[in-house]
Structure formats: structure tokens, C-alpha cells
Amino acid sequence: MSAPDGSPVGAERSIGKLFATATTEMTALVHDEIALAKAQLKRDIRRGAVSGGAFSAAGALLLFSLPMLNFALAYGIRTWSKWNLGLCFLLSFLANVLVAAMLVLAGRFLLNKAKKSGGPQKVAASMKETASVLQAAKPHPRQPHQADTEVEAVARSSS
């Protein structure tokens, strides 16, 4: 078994190697946090766009389909029931309003779902937490020992 840097477990590792390993892992953590933030924001934007599309579809349905749907439905009701033509037109309009109301409810549901997820707030809190951890992990400057540089020089020349 070996450590992430390739050295055997239990072997003495220098502070420099430990710090290099920790730095690499912290860098990977920051990159993962950024990728997670992007994914969460994309999801929330997509939900917002879908809810906006539902609202737009509701408006377009009421605006563009009312004349044709009202005529077709009203004359269909008139043929089926022999009711007054004015009442048939009113029933066809109410059917269109019902469909539009269902689309508005679907849009509101998706919009509330996007608001509840709190994507930007979660991302900001996570990034603040990561920043506080990174601030606490600052290395202390030290002078390299002669023995450390000799060992690295020997290791480089023998490989």
C-alpha cells in the first residue's frame, strides 16, 4: 500500500512532501467546489428558463389560440347540445382559461422549486467554508537544510 504521493505507508516523509500533497489535494478540492457550483447554477438557470417557458406558453395559448379554438369549440358545443351560441362561445373561452391556469400553476411550481434550492447561496457558503480552511492551512516559511537538498540531488541523479 502507498500514500497518494507514491511513498510507502509508514515511511518518513518530509514536511515539504506532506505540504505538496496537501496543496495538491486542496487544489483538487477547490476545482471540485467550482465544478459543483457551476452544475448547481446551471440546474437553477434551467429550471428558471423552463418556468419562464411555461408562463410564455400560457400567454401564447391565450393570445393566439383563442379565436380559432373558441370558434371550433363553440360550434362543436352548439352542434352537440343545441344550446344558445353565445353560451357555447363562453364555455369555449372558459376551457382555454382553464388550460392557461394549469400552465401558470406548472410555471409557479417550477419557479418555487428553483427558489427553494438556493443555488447561489449554497455556493457562496461552500466557497466561504473552503476559503476559511485554506486560510488556516498557510505554511510557515523555513530554510531548506543542506541534507534535504543533497538527498534530492542524489535522487535526481540516480533516476
Fewest first, what order do Val30, Val97 take by the number of other Cβ atoms within 10 Å? Val97, Val30
In nanometres, what is the gap between the two model label sites at Phe71 and Arg43, each 7 Å from Cα along Cα-to-Cβ? 4.8 nm
Charges only on Cβ, +1 for Lys and Arg, -1 for Asp and Glu: so what's the dipole of the range 15-132 about the Cα centre, in debye to the nearest 20? 260 debye
Least to most buried among Thr24, Thr79, by other C-beta atoms within 10 Å and fewest first, runs Thr79, Thr24
With 10 angstrom as the radius, rank Glu12, Glu33 by how many other C-beta atoms surround their C-beta, starting from the fewest. Glu12, Glu33
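Values quoted throughout were computed directly from the atomic coordinates according to the rules given, and no laboratory measurement underlies them. Everything numeric in this text was worked out from a predicted model, so none of it was measured. Note that each Cβ is placed from the backbone with ideal geometry, even for glycine, and that neighbours are counted across all protein chains shown.
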